[in-house]
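Read the structure below first, then the notes.
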Amino acid sequence: MEIVVLSGKGGTGKTTVATNLAQVLNMNYIDCDVEEPNGHIFLKPTIEKQIDVEILNPVIDKDKCTLCGKCAEACQFNALATVPTGVMLFKELCHGCGACMIACLQGAITEVGRSIGIVSVGNTDGISFMSGKLNIKEPMGGPIISKLKEISKFDDHKLLDSSPGTSCSVVKTLDGADYALLVTEPTKFGLHDLKLAVALVKEMGISHGIIVNRNIEGNSMIQDYCESENIDLIGEIPFSRKAAELYSQGLLLIDNPEYKMIFETIGTKLIKEASRRSSDAISGN
Amino acid sequence: MTIAVSSTEKSMSGTADLRFGRCKYFAVYNTLTKECTFVENEAINSNQGAGIAASQTVAGLKAEVVLTGNLGPKALNVLNAAGINGYKIGQTTIENAISAFQEKKLSQITEPGRPQK
């Protein structure tokens, strides 16, 4: 079972939900929010190894290059420019696709790895922990998420903590997931961005359900939305000072018995819905 | 000499575009023949690197100078390497920008900058 926790809006509690659920459900935790990973703050893992993540950048042999311009023309990311003195590479724009190397008729292009971040692998309280971290100034987290997925591909039960929004990084994290758990808050912004995230998971054909974090009695805007759109409401996490205090100290909410019960209830329902939905998907219902 | 001006319209009397990488057209003016052609800027919808691609376009048009509002760091880098100088214009028309350049009233863009409000 591969479950992705996403939100649309940032700061709704993806990591809070993912870290607490990973512990309650005994699922491996994978932090795919590589631009600002923070799952480690709450799970406090022991890191066993760190793996460098590289992308391939072109290297142009000046002796072989005829300045024909075919490489820059082939580049879909505008990472190359041909000028009279040579070919300029803007390495931070390069996606490492290799098109320039194929386009070069002179065989003047080879590739060299360039480090863009790291993946940390470890464990905490009986579950495995993985986290990706993109280097500062690098714009593209995709290859790090791919690395996390590659390393964890034989893990049966895992929770992937996505970045906010609906961008490439989120799409990459969702790719191949059995179920998407959307975390939101009962605000207009939360609902607005939730709708974008729902549209994304629908487009990708991924079964999904919603958790309302910072739930306030008497405010049912998210519950009403779930009902009108016929989306499973997986659970509600009450808004409280206690939760904010635990969070601010870098503690899991399940350290508090009341919240532990809430997460156990959510976890049970999540697994039930996710299993049902994914078997429906397999049988074509 | 060939002058490229970032433009919002396909007309000499049209408004110049102060953005370089994402302008709609390049007005390409030949000072000898006094002819002006308009080339679409294909970089306008790039996800990234519009300034680089636009620089490549004006280099391909054999422009020797670029008249625009601002140049980003990457565009400035490519234009410098291609031996093309950028000159700063404000809100103006294509023809006025070209006359101002020919009258040496424009200053060269030597530092990357953002559009001014």
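The values are calculated or read from the model by the stated rules, or taken from the named source; none is laboratory data. Source: prediction; values computed, not measured. Heads up, the Cβs are rebuilt from the backbone with ideal geometry, glycines too, and the neighbour counts pull from every protein chain shown. We work out accessible area using only protein heavy atoms, side chains counted, and drop any ligands, DNA or RNA first. Shrake-Rupley method; radii C 1.70, N 1.55, O 1.52, S 1.80 Å.
At-a-glance table
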{"quantity": "Summed buried accessible area for A+B [probe radius 1.4 Å, Å², rounded to 100]", "calculated": "1000"}
{"quantity": "The range B:39-117 - accessible surface per residue (Å², probe 1.4 Å)", "calculated": "54"}
{"quantity": "Rounded percent of accessible protein surface that carbon and sulfur make up, chain A, 1.4 Å probe", "calculated": "52"}
{"quantity": "Protection-proxy order for peptides A:68-79, A:258-269, B:68-79, each taking the mean of Cβ atoms within 10 Å per residue, highest first", "calculated": "B:68-79, A:68-79, A:258-269"}
{"quantity": "Farthest toward positive dipole pole in the protein assembly as shown [+1 Lys/Arg, -1 Asp/Glu at C-beta], among B:S55, A:L21, A:F239", "calculated": "B:S55"}
{"quantity": "Disulfide-incompatible cysteines by the Cβ rule (no partner under 4.7 Å) in the protein assembly as shown", "calculated": "A:C32, A:C65, A:C68, A:C75, A:C94, A:C97, A:C104, A:C168, A:C226, B:C23, B:C36"}
{"quantity": "Stretchable slack from A:M261 to A:D155, in nm (0.36 nm times residue separation minus alpha-carbon distance)", "calculated": "35.5 nm"}
{"quantity": "Helix-only CD estimate at 222 nm, as mean residue ellipticity for chain A, using -39500 (n - 2.57) per DSSP H run (n ≥ 4)", "calculated": "-11000 deg cm²/dmol"}
{"quantity": "Dipole magnitude of the range B:44-117, debye to nearest 20 (Cβ charges: Lys/Arg +1, Asp/Glu -1, about Cα centre)", "calculated": "160"}
{"quantity": "With Cα atoms, 0 to 90° folded angle of helix A:257-283 axis to chain A main axis", "calculated": "60"}
{"quantity": "Accessible area per residue, Å², the range A:54-115 with all protein chains present, probe 1.4 Å", "calculated": "53"}
{"quantity": "Of all accessible heavy-atom area on the range B:1-96, the percent that carbon and sulfur account for (1.4 Å)", "calculated": "46"}
{"quantity": "Structure-based [θ]222 nm, chain B - -39500 (n - 2.57) summed over DSSP H runs of at least 4, per residue, nearest 500", "calculated": "-7000 deg cm²/dmol"}
{"quantity": "Relative contact order (%) - criterion: Cα under 8 Å, at least six apart; region: chain A", "calculated": "26"}
{"quantity": "Heavy-atom accessible area, 1.4 Å probe, ligands and nucleic acids excluded: residues of the range B:32-80 down by at least 40 Å² from chain alone", "calculated": "B:Q48, B:I52, B:Q56, B:K74, B:V78"}
{"quantity": "Principal-axis tilt of helix A:14-25 within chain A, Cα atoms, nearest 10 degrees", "calculated": "60"}
{"quantity": "Cα centre as origin, Lys/Arg/Asp/Glu Cβ charges: the protein assembly as shown dipole, Debye", "calculated": "1160"}
{"quantity": "Accessible solvent surface per residue of the range A:127-285, calculated while the other protein chains remain in place, 1.4 angstrom probe, Å²", "calculated": "52"}
{"quantity": "Tail weight of P(r) past 27 Å, computed on alpha-carbon pairs of the protein assembly as shown, percent", "calculated": "60"}
{"quantity": "Linear extension gain, A:R114 paired with A:C68, 0.36 nm per residue minus alpha-carbon span", "calculated": "14.0 nm"}
{"quantity": "Euclidean distance of C-alpha centroids, the range A:74-104 and the range B:1-68, integer Å", "calculated": "22"}
{"quantity": "Two-site label geometry, A:N230 and B:K104: point separation in nm, points 7 Å out along Cα→Cβ", "calculated": "7.6"}
{"quantity": "Distance between the range B:74-111 and the range A:252-282 - C-alpha centres, whole angstrom", "calculated": "62"}
{"quantity": "Ratio Rg/Rh, restricted to the range B:2-102 and using Cα atoms, in which Rh is the Kirkwood radius", "calculated": "0.92"}
